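Inspection log for the structure reproduced underneath, given as structure tokens.
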Amino acid sequence: MNTNAYIYSEWKKECLVIDPGAEEDKIIERMTVKNLRPRGIVLTHGHIDHISAAESIRRHFEELSIRVPVAVHEADASYFGRAAKQKHRRNIAKMESGSGASYEQAIANLPKPDVFSHEGDFVFGSELCVIHTPGHTPGSMCLYSEGQELLFSGDTLFFEGIGETGLTARDRALLRETIRTRLFTLPPSTRVFPGHGPFTTIEREQLHNPFFSHALGSGAMRRD
């Protein structure tokens, strides 16, 4: 899926899984090596390339008698459940490069959210605070740790890019305004771990992101 999934831990034995888009075996293996079990799965938004491994991971740990709840922002609830499959098919049709067969397989196993997150929530008792960043989807959210100065940005903000693929002009404008007012107000040294591509910092994107600056950086723009 070319999506970044993250295993985040601030505990000795537990972790959070953020945006498991595919390859659940690799994610589970990594947790096993680190002797971690998931406290919960957090989805920054409802697009299929960020959610399709969530249900398999949950079922794996349920077989070990470990409950793994799934959290997503309430405004993206329409991406889940039986009625959501057609919505995902429409979104896939808008993508610049997608394999119909692989995505159809991913749609067959949609997770069911257990927790609907909102602005200001600390997900599953962690230091990660929800920042609602609508634009890429209505319920897109970033996860911010003030103490650790890090941000999981999903498909809101990338290294020299933003998540604008398939958006209407109105949604693109909302996305850019959201980044300006919600993310570019964070400390410049904040490390940004996006849903696609390499990590970056708030300062770098303020200075070099071509969607907000006349200065074009050397990296390729991501528009997933």
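The values are calculated or read from the model by the stated rules, or taken from the named source; none is laboratory data. No experiment lies behind these values; they were computed from the predicted model shown. Note that each Cβ is placed from the backbone with ideal geometry, even for glycine, and that neighbours are counted across all protein chains shown.
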Requested in this report: Could you identify the single residue in GLU55, GLU96 that is at pLDDT below 95, over 17 Å from the mean Cα position of the chain (by Cα), surrounded by fewer than 22 Cβ atoms within 10 Å (Cβ to Cβ) and farther than 18 Å from LEU128 by Cβ?
Outcome: GLU96
Report summary line: Those residues of segment 26-81 which are of a type in the set (Lys, Arg) and touching a residue at least 24 places away in the same chain (Cβ under 8 Å) amount to LYS34, ARG37, ARG39, ARG58
Requested in this report: Looking only at segment 1-17, count how many residues are touching a helix residue (DSSP H, G or I) at 6+ places or on another chain (Cβ under 7 Å) and more than 14 Å from GLY125 (Cβ to Cβ).
Outcome: 5
Report summary line: By my count, helices (runs of 4 or more DSSP H) wholly in segment 16-107 with at least 2 residues that are out of contact with any Gly (no Cβ under 9 Å at 6 or more places or on another chain) are 24-33, 54-62, 84-94, 100-107
Requested in this report: Identify the residue in segment 143-181 that is in a loop (DSSP other than H, G, I, E, B) and surrounded by fewer than 19 Cβ atoms within 10 Å (Cβ to Cβ) and, among all such residues, is nearest to the chain's Cα centre (by Cα).
Outcome: THR165
Query - Selection from segment 14-25 of residues that are in contact (Cβ under 8 Å) with a residue 12 or more places away in the chain and among the charged types (D, E, K, R) - result: GLU14, ASP19, GLU23, GLU24
Report task. Evaluate the following for LEU150: is it at pLDDT 95 or above, closer than 18 Å to ASP76 by Cα and out of contact with any helix residue (DSSP H, G or I) (no Cβ under 6 Å at 6 or more places or on another chain)? Result -> no
Query raised in the report: Do we have any residue at all in segment 28-37 that's closer than 23 Å to SER140 by Cβ and at pLDDT 95 or above?
Result: no
Query raised in the report: Taking segment 1-15, which residues are of a type in the set (Ser, Thr, Tyr) and in contact with a Gly (Cβ under 7 Å, 6 or more places away or on another chain)?
Result: THR3
Query raised in the report: So which residues in segment 23-42 are in contact with a helix residue (DSSP H, G or I) (Cβ under 9 Å, 6 or more places away or on another chain) and either acidic (Asp, Glu) or buried (at least 21 other Cβ atoms within 10 Å of the Cβ) (or both)?
Result: GLU24, ASP25, ILE27, PRO38, ARG39, GLY40, ILE41, VAL42
Query raised in the report: Regarding PRO187, is this residue farther than 19 Å from ASP76 by Cα and not polar (S, T, N, Q)?
Result: yes
Requested in this report: Kindly indicate the residue of segment 182-203 that is aromatic (Phe, Trp, Tyr) and part of a loop (DSSP other than H, G, I, E, B) and also farthest from VAL42 (Cα to Cα) among those meeting that condition.
Outcome: PHE184
Requested in this report: Go through (1) out of contact with any Cys (no Cβ under 7 Å at 6 or more places or on another chain); (2) of a type outside the set (Lys, Arg); (3) closer than 22 Å to GLU63 by Cα; (4) free of Cβ contacts under 8 Å to residues at least 40 places away in the same chain one by one and return the number of the condition TRP11 breaks.
Outcome: (3)
